[in-house]
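K.L.:
After the structure tokens below, expect a handful of questions from me.
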Amino acid sequence: MSPEYIENIATKSLSDIVTIDRRGLDDYRVNVPLSFADGDDLKIILKRMPNSKWLLTDEAHTFMYLSYGNVEVDSSSSRQRILDRILTSHNMQEHDGRLVMENIDSEDIGAAIFTFSQALLKVGDFSLWKQERAKNEFLSYFQQVLPKCVGSREYIFNYNYDDIDKERNYVIDCFIRGARNNVHVYAVNSDFKAKNTAISMFFYGDKVKVPSCAILDIDADISRRSRTQLADASEKVIDSLDKASKMLPTFLDKVA
């Protein structure tokens with residue numbers, strides 16, 4: 001059976017977006033225009049089984065992808081339960097780290113590739129769980145550190161001005177009320193948050209004229225451009241929570 005024949009079968013269900021490359025006898029690499037969250041391509045291999053049916057496998061690539069981010073599925077009972085549900089609902093199994101779909105009829109190859117791809121994407125999303133957990137941990141640590149930095153000043157987390165921001169589009173992570181000047185403090189734990197923080201600072205710039213400070217998560221992937229935008233919009237950028245314990249009190253005294 002030629003690669004062209006297999007490709008024709010696949011593209012009937014996938015609108016001509018699948019290509020097939022021969023690797024060996026009855027062994028093909030399937031190329032699909034899908035990737036994990038960071039752009040890493042899915043690995044899908046199509047092989048003929050001894051019973052003349054077909055199987056799809058990722059050759060353990062998906063679990064290897066997760067391991068690059070120190071995400072181990074079997075180290076979390078919740079991830080393992082969700083993995084089991086994903087595999088069951090997509091008619092797949094896991095064999096020694098390889099994700100496999102077996103006993104595929106020739107006429108069902110296209111649909112199987114689509115289903116297999118969706119399952120790989122769902123498993124790959126486990127990598128996002130760790131990122132979200134790290135972001136939440138930073139915010140929790142931020143709320144522990146800030147009270148120790150403000151002295152006798154009043155502080156309010158998740159503050160917004162009801163009169164000028166009724167829809168809460170520009171919530172301030174921590175509002176610090178001073179005797180003479182108030183201060184906005186933002187916890188920045190991602191590039192997306194950095195951009196939104198700069199927008200929030202510019203929004204309030206000519207409305208309440210309150211000095212702003214951004215505290216960065218040292219482990220967050222924040223682009224140079226976003227850091228520059230923050231620096232342009234704020235009076236102070238502190239590049240880690242550890243430094244905030246010393247630098248934020250100094251900043252608060254200065255703007256007071």
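K.L.:
Of the conditions (1) closer than 19 Å to residue 147 by Cβ; (2) modelled with pLDDT under 90; (3) not in a helix (DSSP H, G or I), residue 215 fails just one. Which one is it?
P.N.:
Exception for residue 215: condition (2).
K.L.:
Here are the criteria: (1) farther than 22 Å from residue 137 by Cβ; (2) surrounded by fewer than 17 Cβ atoms within 10 Å (Cβ to Cβ). Tell me which single one residue 243 does not satisfy.
P.N.:
Evaluating residue 243 over (1) farther than 22 Å from residue 137 by Cβ; (2) surrounded by fewer than 17 Cβ atoms within 10 Å (Cβ to Cβ) leaves (1) as the failure.
K.L.:
Residues being open to solvent by less than 60 Å² (accessible area, probe 1.4 Å) and more than 25 Å from the chain's Cα centre (by Cα): count how many of those fall in segment 217-235.
P.N.:
Total meeting the criteria: 2.
K.L.:
Quick check: anything in segment 125-139 modelled with pLDDT of 90 or more, under 30 Å from residue 246 (Cβ atoms) and in contact with a strand residue (DSSP E or B) (Cβ under 8 Å, 6 or more places away or on another chain)?
P.N.:
No, the conditions are met nowhere in segment 125-139.
K.L.:
Exactly one of (1) of a type in the set (Gly, Ala, Ser); (2) open to solvent by 20 Å² or more (accessible area, probe 1.4 Å); (3) in contact with a Leu (Cβ under 7 Å, 6 or more places away or on another chain) is unmet by residue 214. Its number?
P.N.:
Only one criterion in (1) of a type in the set (Gly, Ala, Ser); (2) open to solvent by 20 Å² or more (accessible area, probe 1.4 Å); (3) in contact with a Leu (Cβ under 7 Å, 6 or more places away or on another chain) is unmet by residue 214, namely (2).
The values are calculated or read from the model by the stated rules, or taken from the named source; none is laboratory data. Predicted, not measured: the structure shown is a model, and the values here were computed from it. Here Cβ is always computed from backbone atoms with ideal geometry, including for glycine, and neighbour counts include all displayed protein chains. Note: accessible area is taken over every heavy atom of the protein model, side chains too, but ligands, DNA and RNA are not part of it. Shrake-Rupley method; radii C 1.70, N 1.55, O 1.52, S 1.80 Å.
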